[in-house]
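One structure is given here, and the rest of the page talks about it.
The values are calculated or read from the model by the stated rules, or taken from the named source; none is laboratory data. These figures come from a predicted structure and were not determined experimentally. Here the Cβ is made from the backbone with ideal geometry for all residues, glycine too, and neighbour counts use every protein chain on show. Surface accessibility is based on the protein's heavy atoms, side chains included, excluding ligands, DNA and RNA. Shrake-Rupley method; radii C 1.70, N 1.55, O 1.52, S 1.80 Å.
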Amino acid sequence: MSERRTNQSGYNILSIMGRLYKAAFTECPVRMLIYSLVLLANGVIQIVITYETKLFFDNVSLGARERAVSPAIIFSFLFLIAAILMSHILNGCDNYLGTSVHVVLIGKFEKRMHKKAVKLDPVLFEDTEFLDHVNKAFQGSGVSGCTFVLEAFMVVMFSQVPYMILMSIYLYTLKPVLSICIFLVFVPVVISQYIRIHAFSELEDETVPYRREYAYYQECVTGREYFKETRMLGAYRYFSRLIRETIEKINGRAWKCYGKMAGLEILMRFITLLGYVGVLLLLVYYVINGSISVGAFAAVFSSVAVMFDMIESAVGQQLGGAFEKMGMVANYMKFLDMEEMRGEDAVVDYSKGIQLQNVSFSYKGSEEMAVKNASLTIRNGETLAIVGENGAGKSTLVKLLIGLYRPAQGEVRIGQVNTQNTKMQSYQRKISGVFQNYQKYKMTLVDNIIISAFNEQKTDKVNRILEEVDIDVDGEDYPKGMDTVLSTEFGGTDISGGQWQRVAIARGMYREHEVIILDEPAAAIDPMEEYALYNRFREMAKDRTAILVTHRMGSCKIADRVVVMDAGQIVEEGTHEELMNRNGKYREMYAAQAQWYH
């Protein structure tokens with residue numbers, strides 16, 4: 001990503017872990033506090049067990065010499081059993097709380113990403129590099145990302161690290177050299193896992209474009225929108241080949257990375273094993289020469305095995321898995337740190353209309369301007385049609401008019417408010433629209449319509465809009481009325497393309513608005529039906545500013561004024577009659593389509 005979008009520095013282990021823990025604590029403070037304390041208690045209880053084991057074996061050794069069962073043996077035994085029982089209870093609480101926190105935080109981390117996405121410049125979503133970044137960030141926010149890494153971090157930092165520290169102190173009190181050997185066991189594994197971070201971070205960056213390709217090819221084979229054509233054309237083998245090639249690219253890079261890590265891990269584990277053997281030999285030596293008691297030998301001997309397993313679990317599994325996912329979490333953090341659209345809050349007076357002054361705009365990676373030096377004024381309550389051939393820049397102009405995109409040059413003013421330095425939420429509060437690629441939400445009819453203001457559902461308003469767009473909720477298309485699910489995948493029904501267009505327009509009209517756009521939502525239907533649909537729309541949008549985008553000239557008759565675009569420029573402007581009286585682009589296009597309207 002470019003430096004403008006995100007700061008690449010500052011994503012080390014400690015900063016990422018600190019931010020994750022802070023975010024989790026903010027989202028569910030009580031659960032996180034209890035979970036942290038349980039993990040800490042679980043680590044401390046292991047030291048208590050080690051110490052109680054030493055006391056018990058020392059008392060048993062003393063009782064063996066005196067040939068008597070002393071009260072000290074009984075009490076030390078009971079304390080040892082109590083500590084072991086407490087350890088099992090804490091383990092159960094650990095598992096329950098860990099699962100509970102994990103489930104809660106999955107949705108919380110993803111919600112933060114959704115909130116961030118809304119605040120980013122919409123033009124970024126036209127950028128392939130940015131889409132790769134979004135894919136990586138979503139991977140980091142999911143089950144195998146933030147929550148997995150956070151849980152591993154908490155287990156290590158709150159349970160296993162305290163245990164290691166306390167155990168090292170205990171061993172130091174027995175013999176200082178024993179604590180040094182523990183570090184020989186621990187450090188090599190930490191080094192190997194630290195190297196994993198960089199290796200798997202690079203692997204994540206290399207494979208994410210191929211993952212997006214793979215997901216798309218899979219959709220082409222199994223997706224509901226694709227499978228008819230794929231089967232009819234016999235294109236399954238073609239996509240199967242693409243899927244196989246993509247998997248080979250992903251696996252090839254993964255195997256290369258895993259191979260390097262396997263060799264490094266074998267070396268480091270060998271060094272760890274030497275440290276482990278060294279501790280055991282020293283223990284035998286010290287107990288034989290009387291430097292430590294039999295109880296201390298038994299306690300440490302049993303604890304060293306536990307500690308070695310804990311290091312394997314903490315570093316080899318917990319941190320190993322976390323470090324492997326660290327690159328994904330770093331990508332999630334970078335996404336949250338991306339520069340947001342800046343601007344001030346403003347009160348927008350939509351009665352002042354919309355003005356474009358010498359506006360130009362180009363997409364990233366394109367040398368040509370999608371819109372060139374465009375100037376236009378749209379009056380309040382006016383119905384404006386924007387026409388032009390495919391690729392003329394109509395949709396881009398509309399996105400500039402409603403402030404969805406900000407111009408590279410010139411100014412766009414909505415109600416006298418400059419979109420360049422105003423928050424998008426300010427000037428889009430009363431703007432609605434229906435676009436060519438409108439969404440067919442697999443939900444109920446009513447949910448499809450009220451999606452923009454679901455907290456304030458107004459049944460009377462929904463009924464009125466459905467009637468205006470000619471949707472008969474009591475007809476055969478909607479067996480359960482407004483509660484009909486518009487998808488057979490979820491036990492509902494399929495409706496026709498024309499019905500979906502009416503649903504999309506109803507959705508746009510339901511949102512409270514002063515300005516509404518129809519950006520070729522009827523492109524897939526015949527011209528006469530489109531004309532009728534636009535006539536109905538104009539009646540519904542009466543007294544409000546309406547912008548129609550189309551490449552069909554017949555629909556322009558309903559507009560107060562027509563703007564003609566060609567190669568990104570506004571080349572003509574006027575009423576239908578005025579433009580027909582000129583020998584220009586509009587008349588040429590209308591004549592080419594005239595047979596549709598006879």
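Do we find a residue being of a type outside the set (D, E, K, R), assigned to a strand (DSSP E or B) and either at pLDDT below 90 or open to solvent by 40 Å² or more (accessible area, probe 1.4 Å) (or both) anywhere in segment 354-362?
Scanning segment 354-362 turns up at least one residue that is of a type outside the set (D, E, K, R), assigned to a strand (DSSP E or B) and either at pLDDT below 90 or open to solvent by 40 Å² or more (accessible area, probe 1.4 Å) (or both).
Tell me yes or no: at least one residue of segment 396-404 is of a type in the set (Lys, Arg), under 14 Å from Val359 (Cα atoms) and in contact with a helix residue (DSSP H, G or I) (Cβ under 9 Å, 6 or more places away or on another chain). Talk me through it step by step, then tell me what you get.
If we filter segment 396-404 for residues that are of a type in the set (Lys, Arg), which is where we start, we get 399.
In the following step, the residues that additionally are under 14 Å from Val359 (Cα atoms) were identified as 399.
The next check asks that each one be in contact with a helix residue (DSSP H, G or I) (Cβ under 9 Å, 6 or more places away or on another chain); those that pass are 399.
Yes, segment 396-404 contains at least one residue that is of a type in the set (Lys, Arg), under 14 Å from Val359 (Cα atoms) and in contact with a helix residue (DSSP H, G or I) (Cβ under 9 Å, 6 or more places away or on another chain).
For Ser375, indicate whether it is closer than 17 Å to Ala567 by Cβ, free of Cβ contacts under 8 Å to residues at least 24 places away in the same chain and hydroxyl-bearing (Ser, Thr, Tyr).
Working: closer than 17 Å to Ala567 by Cβ: yes; free of Cβ contacts under 8 Å to residues at least 24 places away in the same chain: no; hydroxyl-bearing (Ser, Thr, Tyr): yes.
Judged against the criteria, Ser375 is not a match.
Would you check which residues across segment 113-135 are open to solvent by 60 Å² or more (accessible area, probe 1.4 Å) and over 12 Å from Arg212 (Cβ atoms) and list them?
Listed by number, the residues that qualify are His114, Lys115, Val118, Lys119, Phe125, Glu126.
Are any of the residues in segment 493-511 in contact (Cβ under 8 Å) with a residue 60 or more places away in the chain and polar (S, T, N, Q)?
Scanning segment 493-511 turns up at least one residue that is in contact (Cβ under 8 Å) with a residue 60 or more places away in the chain and polar (S, T, N, Q).
Looking at Asn12, is it within 30 Å of Ile191 (Cα to Cα) and free of Cβ contacts under 8 Å to residues at least 40 places away in the same chain?
yes
Inspect all residues belonging to segment 457-467 and state whether any of them is open to solvent by 40 Å² or more (accessible area, probe 1.4 Å) and either in contact (Cβ under 8 Å) with a residue 12 or more places away in the chain or within 26 Å of the chain's Cα centre (by Cα) (or both).
No; the residues of segment 457-467 include none that is open to solvent by 40 Å² or more (accessible area, probe 1.4 Å) and either in contact (Cβ under 8 Å) with a residue 12 or more places away in the chain or within 26 Å of the chain's Cα centre (by Cα) (or both).
Return yes when Ser76 is within 26 Å of Lys325 (Cα to Cα), modelled with pLDDT of 85 or more and either exposed (fewer than 15 other Cβ atoms within 10 Å of the Cβ) or of a type in the set (Gly, Ala, Ser) (or both) and no when it is not.
The answer is no for Ser76.
Assess whether Lys108 counts as being closer than 25 Å to Leu336 by Cβ and open to solvent by 30 Å² or more (accessible area, probe 1.4 Å).
It is true that Lys108 is closer than 25 Å to Leu336 by Cβ and open to solvent by 30 Å² or more (accessible area, probe 1.4 Å).
Hey, among Tyr21, Tyr96, Tyr51, which residue is exposed (fewer than 15 other Cβ atoms within 10 Å of the Cβ), assigned to a helix (DSSP H, G or I) and among the hydroxyl-bearing types (Ser, Thr, Tyr)?
On inspection, the qualifying residue turns out to be Tyr96.
Assess whether Gly259 counts as being modelled with pLDDT under 70 and open to solvent by 40 Å² or more (accessible area, probe 1.4 Å).
no
Going through segment 237-256 one residue at a time, which ones are surrounded by 15 or more Cβ atoms within 10 Å (Cβ to Cβ) and more than 25 Å from Lys325 (Cα to Cα)?
Phe239, Leu242
Assigned to a loop (DSSP other than H, G, I, E, B), modelled with pLDDT of 75 or more, among the hydrophobic types (A, V, I, L, M, F, W, C) and open to solvent by 30 Å² or more (accessible area, probe 1.4 Å) - does that describe any residue in segment 333-343?
Scanning segment 333-343, I find at least one residue that is assigned to a loop (DSSP other than H, G, I, E, B), modelled with pLDDT of 75 or more, among the hydrophobic types (A, V, I, L, M, F, W, C) and open to solvent by 30 Å² or more (accessible area, probe 1.4 Å), so the answer is yes.
Quick one: which of Leu166, Leu150, Leu184 is at pLDDT 80 or above, in a helix (DSSP H, G or I) and open to solvent by 10 Å² or more (accessible area, probe 1.4 Å)?
Just a single option satisfies the conditions, and that option is Leu166.
Give all pairs with beta carbons closer than 9 Å in which a residue from segment 100-116 that is farther than 13 Å from Tyr332 by Cβ and touching a residue at least 12 places away in the same chain (Cβ under 8 Å) meets a residue that is open to solvent by 20 Å² or more (accessible area, probe 1.4 Å) and not hydrophobic (A, V, I, L, M, F, W, C); count only pairs at least 6 apart in sequence or on separate chains.
Within 9 Å, the pairs are Ser100/Arg31; Val101/Arg31; Val101/Glu151; His102/Glu151; Val104/Glu27; Val104/Arg31.
Give segment 298-310 a look and list any residue that's crowded, with 20+ Cβ neighbours inside 10 Å and either out of contact with any Ser or Thr (no Cβ under 8 Å at 6 or more places or on another chain) or modelled with pLDDT under 70 (or both), or say none.
Passing the criteria: Val304, Met307, Met310.
For Glu265, state whether it is in contact (Cβ under 8 Å) with a residue 12 or more places away in the chain, surrounded by 13 or more Cβ atoms within 10 Å (Cβ to Cβ) and at negative phi.
Spelling it out, Glu265 is indeed in contact (Cβ under 8 Å) with a residue 12 or more places away in the chain, surrounded by 13 or more Cβ atoms within 10 Å (Cβ to Cβ) and at negative phi.
Which ones in segment 54-86 are among the β-branched types (Val, Ile, Thr) and part of a helix (DSSP H, G or I)? Spell out the reasoning first.
Step one: list which residues in segment 54-86 are among the β-branched types (Val, Ile, Thr), which gives 60, 69, 73-74, 81, 84.
Scanning segment 54-86 gives Val60, Ile73, Ile74, Ile81, Ile84.
Just to be sure I understand, how many residues within segment 376-406 are under 19 Å from Val571 (Cα atoms) and not β-branched (Val, Ile, Thr)?
Total satisfying the criteria: 15.
What helices (runs of 4 or more DSSP H) lie completely within segment 491-598 and have 2 or more residues being open to solvent by less than 30 Å² (accessible area, probe 1.4 Å) and at pLDDT 85 or above?
Filter on segment 491-598 gives 497-510, 576-580, 585-593.
Do you know which residues across segment 408-422 are touching a Lys or Arg at 6+ places or on another chain (Cβ under 9 Å) and open to solvent by less than 80 Å² (accessible area, probe 1.4 Å)? First the steps, then the outcome.
Filtering segment 408-422 down to residues touching a Lys or Arg at 6+ places or on another chain (Cβ under 9 Å) leaves 412-417, 419-421.
Scanning segment 408-422 gives Val412, Arg413, Ile414, Gly415, Val417, Thr419.
Going by the conditions given, is Gly142 open to solvent by less than 20 Å² (accessible area, probe 1.4 Å), closer than 30 Å to Lys364 by Cβ and modelled with pLDDT under 85?
Numbers: open to solvent by less than 20 Å² (accessible area, probe 1.4 Å): yes; closer than 30 Å to Lys364 by Cβ: yes; modelled with pLDDT under 85: yes.
Answer is yes for this residue.
Find the strands (runs of 3 or more DSSP E) located wholly in segment 370-486 whose residues include 1 or more that are over 24 Å from Asn535 (Cα atoms), and list them.
371-378, 409-414
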